[in-house]
Amino acid sequence: MKLVVLKPECETESVAQRLDDLLAECLKKKESEVFWIRRASELEQSMLLPGQLQGKSILFAVAIGSTGINLELYAMLQCIRRNPHGMEGSTAGLLIDGDSELDTKSVAREVVFSANMSGCLFIGQPLVEGTKSLQNFRITAANLHLDLPGAYLESARRMLQRLLAFQKPYKKNPRLLCLHASNYETSNTLSLWRMVRMHLENVCRIQEIALHNGKIYDCQGCPYQMCFHYGQRSECYYGGVIVEEVYPAVETCDALLLLCPNYNDALGANLTAFINRLTALFRKRQFYEKYLFSIIVSGYSGGDLVARQLISGLNMNKTFILPGNFALIETANDPGSILQVEQIAQKAARFAEHIWEVFRQEKECTVRR
């Protein structure tokens with residue numbers, strides 16, 4: 001069994017037909033190598049069997065109607081969330097087919113977040129989404145000299161090929177780039193990062209860059225050719241610390257770790273600007289071989305909302321690999337209160353060890369405790 005396809009049944013067969021046809025084309029000559037799961041009850045049984053969904057290649061294939069809701073999918077997500085280790089060591093991609101122009105991305109983000117918390121890795125740019133009109137493939141179709149359905153099919157084929165061929169990048173002494181826009185004197189997020197960092201310093205080459213003090217200009221949507229021209233030189237029209245420090249660091253790092261305090265259920269302005277400005281460098285090269293991690297601290301709640309933003313912005317869009325359990329998410333309000341979170345030192349040590357385990361092939365671990 002080389003591929004597990006999780007395809008929740010859709011209430012309306014006509015809505016699912018386009019996805020069925022797409023899968024039939026993508027999986028030609030692979031029928032004997034595919035294991036299908038179509039109902040939450042089947043998924044529940046599979047997750048109870050050791051190794052059934054661990055260490056596998058998994059394709060989520062979901063048809064959603066005009067409401068953007070597939071009830072069987074949400075039953076599956078409930079099952080996945082009840083099994084926090086059920087997908088450890090597995091690698092996944094997604095096909096989401098919609099019957100409107102909305103919801104395909106938000107449904108995909110929900111699937112990725114849930115499966116990732118169950119230990120599942122997602123390849124860089126794991127999502128192929130088909131809106132009702134397929135107008136989201138207009139540029140791809142022009143580049144590939146295909147019509148819209150042809151571009152949809154070719155995109156799905158390529159994603160599936162990358163999924164089945166995926167091999168984790170291993171590094172003996174990985175370069176970890178940490179970006180933040182916080183104040184060391186008051187930030188709970190930085191305090192938690194310090195606790196994680198002390199366990200990584202003897203196994204990773206760590207570079208830390210602060211994006212604050214008004215140094216960051218957001219992307220202004222330059223014309224494609226201008227963005228491409230600057231990107232080919234690893235530059236951006238707006239220059240500054242993004243070009244001088246961040247671009248070179250991103251190009252040489254093996255993993256990107258973002259420190260994300262959650263103040264308003266969203267990424268901070270400077271980190272959002274970084275992701276937007278990364279587009280120019282992305283014109284030159286993609287990041288399929290680089291991992292994404294994050295430390296997220298909320299004053300009240302909503303850390304999962306920030307995690308979902310990172311998933312869509314950097315994994316689905318900018319092609320960073322999303323390793324299983326990519327984010328350490330905690331809640332702390334007053335300055336320094338992160339230190340009072342129950343077992344926070346152990347959580348920090350475990351997250352550091354997890355980062356190192358993503359990179360290492362050997363069974364023994366040398367993270368300092």
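Values quoted throughout were computed directly from the atomic coordinates according to the rules given, and no laboratory measurement underlies them. Just so you know, these numbers come straight off a predicted model, no measurement behind them. Ideal geometry is used to build each Cβ from the backbone, glycine not excepted, and the neighbour counts take in all protein chains shown.
Round to the nearest 10 and give me the degree value, 0 to 90, for the angle of helix 188-197's Cα axis relative to the longest principal axis of the chain.
90 degrees
About its Cα centre, how strong a charge dipole does the chain have in debye, to the nearest 20, once Lys and Arg get +1 and Asp and Glu get -1 at the Cβ?
Dipole size: approximately 1140 debye.
Would you mind checking the tilt of helix 104-117 against the longest principal axis of the Cα atoms of the chain, expressed as 0 to 90 degrees and rounded to 10?
Orientation of helix 104-117: about 60 degrees from the principal axis.
If you line up the long axis of helix 269-284 against the longest principal axis of the chain, both from Cα atoms, how many degrees apart are they, to the nearest 10?
Taking the Cα atoms of the chain, the angle to 269-284 is about 60 degrees.
Which one, D21, D304, D254, has the greatest fluctuation when you compute a Gaussian network model over the chain with C-alpha springs under 10 angstrom?
The residue with the greatest mean-square fluctuation here is D21.
(1) 28, 58, 14; (2) 25, 50, 23, 1, 0; (3) 30, 60, 10, 0: which one is P(r) over Cα pairs in 20 Å bins from 0, in percent as calculated from this entry?
Looking at P(r) over Cα pairs in 20 Å bins from 0, in percent for this model, the match is (1).
Could you give the length gained on full extension between N202 and A269, defined as 0.36 nm per residue of separation minus the Cα-Cα distance, in nm?
Full extension of this stretch gives 20.9 nm more.
Among S301, A165, V5, whose Cα projects farthest towards the positive end of the dipole of the chain, with charges put on the beta-carbon of Lys, Arg (+1) and Asp, Glu (-1)?
Positive-end residue among those listed: A165.
For the stretch 298-353 and the stretch 34-79, what is the separation of their Cα centres, given in Å?
Here the answer is 25 Å between Cα centres.
Amide H neighbours of A255 under 5 Å, counting only residues 5+ apart in sequence or on other chains, H built in-plane at 1.01 Å?
Correct list: R175, L177, Y291.
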